[in-house]
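Visitor: Right, I'll just put the structure down here and ask away after.
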Amino acid sequence: MRAIGIVLAGGNNHRMKELSQKRAICAMPVAGSYRSIDFTLSNMSNSHIQKVAVFTQYNSRSLNEHLSSSKWWDFGRKQGGLYVFTPAVTVNNSNWYRGTADAIAQNLTWLKNSHEPYVVIASGDCVYKMDFNKLLEYHIDKKADITVVCRDMEPGTEIERFGTMKMNEEYRITEFEEKPLQAKSNTVSCGIYVIRRRNLIEMIEKCVEEERYDFVRDILIRYKDMKRIYAYKIKEYWRNIASVEDYYGTNMDFLKPEVRDYFFKQYPDIYSKVDDLPPAKYNPGADIRNSLISSGCIVNGVVENSVIFKKSYIGNNCVIKNSVILNDVYIGDNTYIENCIVESRDTIRAGSRFVGEGGIRIVVEKNERYVM
Amino acid sequence: MIKKEMIAMLLAGGQGSRLGVLTSKVAKPAVAFGGKYRIIDFPLSNCINSGVDTVGVLTQYQPLRLNTHIGIGIPWDLDRNIGGVTVLPPYEKSANSEWYTGTANAIFQNLDYMESFNPEYVLILSGDHIYKMDYEVMLDFHKANEAEVTIAVMPVPMEEASRFGIMITDENRRITDFEEKPEHPRSNLASMGIYIFNWKTLKEALLTMADQPALDFGKHVIPYCHEKGAPLYAYEFNGYWKDVGTLSSYWEANMELIDIVPEFNLYEEYWKIYTKSDILPPQYMSWDSVVSRCIIGEGTNIYGKVYNSVVGCGVTIGEGVVVRDSIIMNNVVIGAGCEINKAIIAENVLIGKGVKLGVGDEAENDTAPHIYNHGLVTVGEKSVIPDNVSVGKNTVIAGVTTAADYADAYLASGKTLIKAEER
């Protein structure tokens, strides 16, 4: 592959409410067995991008733990590898990453020491499959300076939290607006870009000089008329998880057979760190309807229309409906949960009742857990 | 300089012929167990959990599955710069090349491997038991007694003792005598086939007895050490230990995992069993599915009803299917409307629609009643069973079978149907 990868995984977001208190959004568990960043990392690995840097900043413990080895995504260790860059104090710099461009600027040496001609930049909070080779071919074909991956969103999507764009008939981007108050188009940026490595270095150095820190505002929008910036439209499944509703919706999408088939059965696979958990166990009293259950779970109750992540325990006579239960949750007997997202490592007392009314309720319950 | 206090040698070369078609293409240690594991995962996980990070795995019979499963040992953290896991097949020598002719002969042929780690102790294991054991505690026992050989033993009911190698000990657990499958046992301490040797003792014994045909630990090496007057001790183990050498014991051991609080608990936090898992996605249960008293592996899709069963990874169980008391290994596909009773279905089997397994009267198997019994239906890996056929009890099916192989769409109890071709 002629490209290296950069995954922007530093961000936090108030739209995730309590869920992002514990972890970076990229470390959010998705679809039972995965973390959000697995999708981008697997796409890179499957596209033969062998050298990938992940820029992290906000609450990165959980993410760092997940990125413990390049092996999980089959990246090399000598011919490339997985690099995790957190901000570091140096003689010239004692700042946090002040924006996406600043994150790249602070790690410019890595970029300069690479020899691959292209860079694929992607965010780590999206659920999708993509062959970056095709994207790169398109980029070269169009003789573009920057190519931005975009997608027409279905009506009803909250367009205003994305970057929106307009383009001419050749797909050259003519207008780009970040988080517009009122969107003029339903074409949104997927936060995935291809750019020539030397070009990127040049533009980032310019940003540093001018004390500009944001990739979208200070490079994409600022250079829009000067550089040839093209759009690469995708039609496949793509979803950003960075709001409670989208996070919930993305997980629920995996209850649809076509979504499961696309991600779980069709080539290529999505990889993740293996947790070495035993098979899921169903005791008498378990009654599962239209739900996903992950490894290491022990189920004694009713689960309907829900996604249960790894290593959860569901007690006797429990009813879990239309909910997302994250990793390692203990739910005591006789509990009723509906329309909720239950935060990981929660311990829910027996006989509890949590119902999201008029929306999704986030449950954070840190009780003492007594385990045998 | 390389120095390891204790290294392990894991004997994984046997066929395990009493598992019938399950081991026709794979060595017994590579047979699937408990949904997502393979039998060898248990001793390998015990090694790393006990702090033994150097393991030689001796392979001989059908090693491909075993080799790909072990790889460089990543799942067990046994990919090490020094030590780690090494697969040791028999090899050609300038003179006297031979297969591994016995358990101790296999170890003898790898003296150089063991020598390279300069060990104090060598742990000999076999790859066909299900148990969790801290070998470090056994080593402490070995050291405390200044033993030269320690044999792990397990108390068995006196009436069953004549099926085992029995150790007779004094009050300090020093072995005074032993008998192989005695008619009138004098003790109920059965050897588990797990030994710790002082490296010097082992090396001396193997070199002295090198010319013994089919050199075996139980038959030759242990008696030799005993006669020489070396201190032999018996280390008593009281945890769960299961030999899965026959189809019925294999089936039972799997079924014990689905008890509400199983005696052998896979869910313990601090003695994890590691395995190479290829399939990550969660499992899906449809609106009409029923799962009760089951353990089920990753990526399995269930549209039917499953009771009292152990189901592997990547399995599809179609609509209207009823599965009871069965073991279904990885990547099996069961078509709609099947009825599966007390079956062991090996990996990558394709079962058509409306198939009934395990129906009809009991009848002894006509080719190998000592293997296929207890009413089990055994289906070998990569087999195909056509739509709408019924299969009786104590039967065995392997290979791609078609409707023509089933007279009146029925394979009577006790029949054997083995075809050469596979999926």
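Visitor: Could you tell me how far the Cα centroid of segment B:371-410 sits from the Cα centroid of segment A:319-372, in Å?
Guide: 46 Å
Visitor: Between chains A and B, what is the buried accessible area in Å², counting both sides, with a 1.4 Å probe and ligands, DNA and RNA left out, to the nearest 100?
Guide: Working: alone 17290 and 18220 Å², together 32490 Å².
The summed interface area works out to 3000 Å².
Visitor: Okay, next question. Pairs to check: A:Lys179/A:Lys310; A:Lys256/B:Lys356; B:Lys356/B:Lys419; A:Lys142/A:Lys166. Give those whose C-alpha atoms are more than 23 Å from each other in this structure.
Guide: Too far apart for the 23 Å limit: A:Lys179/A:Lys310; A:Lys256/B:Lys356.
Visitor: Tell me, how many Å apart are the Cα centres for segment B:292-307 and for segment B:183-211?
Guide: Going from one Cα centre to the other spans 44 Å.
Visitor: So how far, in whole Å, is the C-alpha centre of segment A:159-228 from the one of segment B:1-78?
Guide: 54 Å
Visitor: Could I ask something else about it? Once you have a ≥ b ≥ c as the square roots of the Cα gyration tensor eigenvalues for chain B, tell me rounded if a/c is under 1.5, and otherwise prolate or oblate according to whether a/b is larger than b/c. Intermediate results must be reported in sequence, preceding the final value.
Guide: On the way: a/c = 1.93, a/b = 1.81, b/c = 1.07.
The shape class here is prolate.
Visitor: Between A:Thr174 and A:Asp261, how many nm apart are label points set 7 Å from Cα along the C-beta direction?
Guide: So the label points at A:Thr174 and A:Asp261 sit 3.9 nm apart.
Visitor: Further question: Loop-only check: which GluC sites (Glu not before Pro) in segment B:138-191 are DSSP coil with at most 15 other Cβ within 10 angstrom? Numbers along the way, then the final one.
Guide: Numbers: sites: B:Glu146, B:Glu148, B:Glu159, B:Glu160, B:Glu171, B:Glu179, B:Glu180, B:Glu183; in loops: B:Glu146, B:Glu148, B:Glu171, B:Glu183.
Passing sites in segment B:138-191 are B:Glu146, B:Glu171, B:Glu183.
Visitor: Moving on to the next point. Kindly report the accessible area of chain B per residue (heavy atoms of protein chains, probe 1.4 Å, no ligands, DNA or RNA), in Å².
Guide: Values: 16710 Å² over 423 residues.
That works out to 40 Å² per residue.
Visitor: If you take the charge dipole of chain A about its Cα centre, with +1 on Lys and Arg Cβ and -1 on Asp and Glu Cβ, which of A:Ile104, A:Ala183, A:Met252 is farthest toward its positive end?
Guide: A:Ile104
Visitor: Can I ask one more? Considering Cα pairs under 8 angstrom that are at least six residues apart, work out the relative contact order of segment A:298-359 and quote it in whole percent. Display every interim value, and only then the final one.
Guide: Numbers: 176 pairs, mean separation 16.6, N = 62.
27 percent.
Visitor: May I ask which residue of B:Tyr270, B:Val153, B:Ala343 lies farthest towards the positive end of the charge dipole of chain B, with charges of +1 (Lys, Arg) and -1 (Asp, Glu) on Cβ and the Cα centre as origin?
Guide: Value computed over the given set: B:Ala343.
Visitor: Another question about this same structure. Which whole-Hz couplings ³J(HN,Hα) result when phi for each residue of segment B:296-312 is put into the Karplus expression 6.51 cos²θ - 1.76 cosθ + 1.60, θ = phi - 60°, listed in order with x for Gly and Pro?
Guide: Calculated HN-Hα couplings, in order: 9, x, 5, x, 8, 10, 10, 10, x, 10, 10, 10, 6, 9, 10, 10, x Hz.
Visitor: Right, another one. Mean residue ellipticity at 222 nm from the helices of chain A, using -39,500 (n - 2.57) per DSSP H segment of n ≥ 4 over the full residue count, to the nearest 500 deg cm²/dmol?
Guide: Working: 8 runs with 67 residues, N = 372.
The helix contribution divided over chain A gives -5000 deg cm²/dmol.
Visitor: Still on this structure, please answer the following. Within 10 Å of each Cβ in peptide A:289-302, how many partner chain Cβ atoms are there on average? Round it to a whole number, please.
Guide: For peptide A:289-302, the averaged partner shielding equals 5.
Visitor: Hey, can you grab everything whose amide H is under 5 Å from the amide H of B:Val87? Only 5+ residues off in sequence or another chain; H modelled, so Pro and N-termini drop out.
Guide: The answer is B:Val57.
Visitor: Got a sec? Which residues of segment B:226-275 lose 30 Å² or more of accessible surface with every protein chain in place, vs. that chain alone, 1.4 Å probe?
Guide: Buried by 30 Å² or more upon assembly, which counts only protein chains, are B:Ile260, B:Tyr267, B:Glu269, B:Lys272.
Visitor: In whole percent, and with a 1.4 Å probe on the protein chains, what portion of the accessible area of segment A:128-214 is carbon and sulfur? If you can, show how the numbers build up before the last one.
Guide: Values: 1930 of 4460 Å².
For segment A:128-214, the apolar C and S fraction of the accessible surface comes to 43 percent.
Visitor: If you take the square roots of the eigenvalues of the alpha-carbon gyration tensor of segment B:296-368 and sort them as a ≥ b ≥ c, do you get rounded (a/c under 1.5), prolate (a/b over b/c) or oblate? Let's see the in-between values first.
Guide: On the way: a/c = 1.90, a/b = 1.52, b/c = 1.25.
The shape class here is prolate.
Visitor: Per-residue mean of other chain beta-carbon atoms within 10 angstrom of the beta-carbon, peptide A:264-275?
Guide: On the way: counts 9, 4, 0, 0, 0, 4, 2, 1, 2, 1, 9, 3.
So the per-residue partner count for this stretch is 3.
Visitor: Please find, in a Gaussian network model of chain B (springs between Cα atoms separated by less than 10 Å), the residue of B:Tyr91, B:Tyr240, B:Tyr61 whose mean-square fluctuation is greatest.
Guide: The residue that fluctuates most here is B:Tyr91.
Visitor: If ligands, DNA and RNA are left out, what is the accessible area of A:Arg196 with a 1.4 Å probe, given in Å² to the nearest 10?
Guide: Ignoring ligands and nucleic acids, A:Arg196 comes out at about 100 Å².
Visitor: Distance check, please: which entries in B:Lys25/B:Lys393; A:Lys71/B:Lys305; B:Lys143/B:Lys276; A:Lys71/A:Lys129; B:Lys242/B:Lys305; B:Lys342/B:Lys415 exceed 27 angstrom between their Cα atoms?
Guide: Values: B:Lys25/B:Lys393 23 Å; A:Lys71/B:Lys305 37 Å; B:Lys143/B:Lys276 34 Å; A:Lys71/A:Lys129 20 Å; B:Lys242/B:Lys305 29 Å; B:Lys342/B:Lys415 16 Å.
Pairs exceeding the cut-off: A:Lys71/B:Lys305; B:Lys143/B:Lys276; B:Lys242/B:Lys305.
Visitor: Here's another thing I want to ask about it. When chain B is treated as a GNM, springs tying every alpha-carbon pair under 10 Å, which of B:Gly239, B:Gly392, B:Gly380 comes out with the largest mean-square fluctuation?
Guide: Sorting by GNM fluctuation, first place goes to B:Gly239.
Visitor: Only bridges whose two residues both fall in the protein assembly as shown count here: according to DSSP, what percent of them are antiparallel, nearest 5? Mind showing how you got there, number by number?
Guide: Working: 52 of 164 bridges.
The antiparallel fraction comes to roughly 30 percent.
Visitor: Write down the accessible area per residue of chain A in Å², having rolled a 1.4 Å probe over the full set of protein chains. Can you show the working numbers first?
Guide: Numbers: 15780 Å² over 372 residues.
Per-residue accessible area for chain A comes out at 42 Å².
Visitor: Protein chains only, probe 1.4 Å: how do B:Met1, A:Met167, B:Met192 rank by accessible area, largest first? Each step should come with its number before you reach the end.
Guide: Numbers: B:Met1 200, A:Met167 50, B:Met192 5 Å².
Greatest to least solvent exposure: B:Met1, A:Met167, B:Met192.
Visitor: In nm, to one decimal, how far is the A:Asn133 label point from the B:Leu207 one, both placed 7 Å along Cα→Cβ?
Guide: 5.7 nm
Visitor: Then there is this: Based on the alpha-carbon gyration tensor of segment A:299-355 and its eigenvalue square roots a ≥ b ≥ c, which shape applies: rounded if a/c is under 1.5, prolate if not and a/b is larger than b/c, or oblate?
Guide: On the way: a/c = 1.29, a/b = 1.09, b/c = 1.18.
Rounded, since a/c falls under 1.5.
Visitor: Another question about this same structure. Quick one: with all protein chains in place, what share of the accessible area of segment B:122-200 is carbon or sulfur, to the nearest percent (1.4 Å probe)? Walk me through the numbers on the way to the answer.
Guide: On the way: 1570 of 3500 Å².
Percent of accessible area from carbon and sulfur atoms in segment B:122-200: 45.
Visitor: Using a 10 Å cut-off around each Cβ of peptide B:298-304, what is the average number of partner chain Cβ atoms that fall inside? Mind dumping the intermediate values first?
Guide: Values: counts 12, 5, 3, 4, 3, 0, 0.
Partner-chain Cβ atoms within 10 Å, mean over residues of B:298-304: 4.
Visitor: If you restrict to DSSP beta bridges whose two residues both lie in chain A, what percentage is antiparallel, to the nearest 5? Display every interim value, and only then the final one.
Guide: On the way: 23 of 73 bridges.
Roughly 30 percent of the beta bridges in chain A run antiparallel, per DSSP.
Visitor: How much mean residue ellipticity at 222 nm does chain B get from its helices, if each DSSP H run of length 4 or more adds -39500 (n - 2.57) and you divide by all residues, to the nearest 500 deg cm²/dmol? Present the calculation step by step, with values, prior to reporting the outcome.
Guide: Working: 8 runs with 63 residues, N = 423.
Value at 222 nm, helices only, nearest 500: -4000 deg cm²/dmol.
Visitor: Now for a separate question. Which residue, B:Lys143, B:Lys393, B:Lys228, tops the fluctuation ranking in a GNM of chain B built on C-alpha contacts under 10 Å?
Guide: B:Lys228
Visitor: Moving on to the next point. At a 1.4 Å probe, what is the % contribution of carbon and sulfur to the accessible area of segment A:2-52?
Guide: The C+S portion of the solvent-accessible surface of segment A:2-52 is 46 percent.
Visitor: Pairs of Cα atoms under 8 Å, at least six residues apart: use those to get the relative contact order of chain B, whole percent. List each step's numbers first, then the result.
Guide: Working: 1076 pairs, mean separation 54.4, N = 423.
Relative contact order for chain B comes out at 13 percent.
Visitor: Still on this structure, please answer the following. Nothing charged except the Cβ atoms of Lys and Arg (+1) and of Asp and Glu (-1): what's the magnitude of the dipole of the protein assembly as shown about its Cα centre? Round to the nearest 20 debye.
Guide: Details: 86 positive and 100 negative charges, 501 e Å.
Here the protein assembly as shown has a charge dipole of around 2400 debye.
The values are calculated or read from the model by the stated rules, or taken from the named source; none is laboratory data. A quick note: this is a predicted structure, and the numbers were derived from the prediction, not measured. Cβ atoms come from the backbone with ideal geometry, glycine included; neighbour counts cover every protein chain shown. Surface accessibility is based on the protein's heavy atoms, side chains included, excluding ligands, DNA and RNA. Shrake-Rupley method; radii C 1.70, N 1.55, O 1.52, S 1.80 Å.
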